[in-house]
Amino acid sequence: RAVASASASASASIVVIGSINADVIVRVDRLPRPEETRLSPKNTVDVLCGGKGANQAVAAARASCAIDDVNDDDDHNRVSFVGKFGADAYGAQLFAELEAEVDLTKSARSTRGSPNGLGLVMLADDGIPSAVVVGGANVDDWPENDEVLARELREAIGNAKIVLLQREVPERVNIHAAREAKKHNAVVILDAGGSHSAVSLELLSLIDYVAPNENELQGMANAQSLATDDDVIHAARVAGGNTNVKV
């Protein structure tokens, strides 16, 4: 696990900036049709720590801890997460859960009373989930003043070597984060999850890699089909725009 300390985020080699959601999972035998109501075969819901930013941070922390173990290295302050937790019970629960995995020194509980972000997930018997995300503090609690936002992200990024972003926070947050990261020659990777729309050229010009899944790539490129390898290659070129980003 990562141990939170006042200097931990400054020494983190990987900084994840993004979303933290309470995933409320409902089991269904199949997805309901329009205007149809179905009863869940399970009488309770599961509430899990989720959000693309939190998932990235935990995965990166666990992978880096495994590398540390192989190298007999006791430094576990390698990954820090920067996000906005809600002022509700979900926010408190998720902060405690995530604090056991990564450094949260630069994350914040809501000062505006915003609820935590939610992922409303229907999980069918075939194991394929469908979800709706409610942004909550992930969207509403970042500083509105650009200078304040830039300073907050600059302090959070420090001398990180890698900065990971996603699209469940406002794009202006990602743009400021990528801009600050490039000042320190950090590698910036954007997980395209969270939106199927095109990434702005301003953000594309600041990142090194963008990683969409098939549906996200199709939306980013406004492609009719990704049936062939040529379709995928063409869509990747369109999604990358006139920039050097690798898709």
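Things to note:
- Total charge dipole magnitude, the range 167-233, about the Cα centre, Cβ charges on Lys, Arg, Asp, Glu only, Debye to nearest 20: 460
- Mean separation of Cα pairs under 8 Å and 6 or more residues apart, divided by the residue count, gives the range 197-242 a relative contact order of 45 percent.
- Cα-Cα over 22 Å, subset of Lys84/Lys246; Lys52/Lys106; Lys106/Lys182; Lys106/Lys246: Lys84/Lys246; Lys106/Lys246
- Label-point gap, in nm, between Asn185 and Asp231 - each point 7 angstrom along Cα→Cβ: 4.2
- In a reduced charge model with +1 at each Lys and Arg Cβ and -1 at each Asp and Glu Cβ, the chain shows a dipole moment near 400 debye about its Cα centre.
- Using the 1.4 Å probe convention, the accessible area of the chain works out to 51 Å² per residue with neighbouring protein chains retained.
- Within the chain, antiparallel bridges make up roughly 30 percent of the DSSP beta bridges whose residues both belong there.
- Shape of the range 78-172, Cα gyration tensor, a/c cut at 1.5: prolate
- Dipole of the chain, positive direction: furthest Cα of Ala177, Ala227, Ala12, with charges on the beta-carbon: Ala177
- Of all accessible heavy-atom area on the range 30-167, the percent that carbon and sulfur account for (1.4 Å): 52
- Between Thr44, Leu120, Asn242, the Cα set farthest toward the positive side of the dipole of the chain (charges on each charged residue's Cβ, about the Cα centre) is that of Asn242.
- Judged by the mean number of other Cβ atoms found within 10 Å, the most tightly packed of the peptides 168-180, 30-42 leads the ranking 168-180, 30-42.
- Over the chain: helical MRE at 222 nm, DSSP H runs n ≥ 4 each giving -39500 (n - 2.57), nearest 500: -10000 deg cm²/dmol
- Cα shape, the range 133-206, gyration tensor, a/c 1.5 rule: oblate
- C-alpha center-to-center spacing [the range 109-137, the range 155-219] in angstrom: 21
The values are calculated or read from the model by the stated rules, or taken from the named source; none is laboratory data. On a predicted model such as this, the values are computed, not experimentally measured, just so you know. Note that we place each Cβ from the backbone using ideal geometry, even for glycine, and neighbour counts take in every protein chain shown. Note: accessible area is taken over every heavy atom of the protein model, side chains too, but ligands, DNA and RNA are not part of it. Shrake-Rupley method; radii C 1.70, N 1.55, O 1.52, S 1.80 Å.
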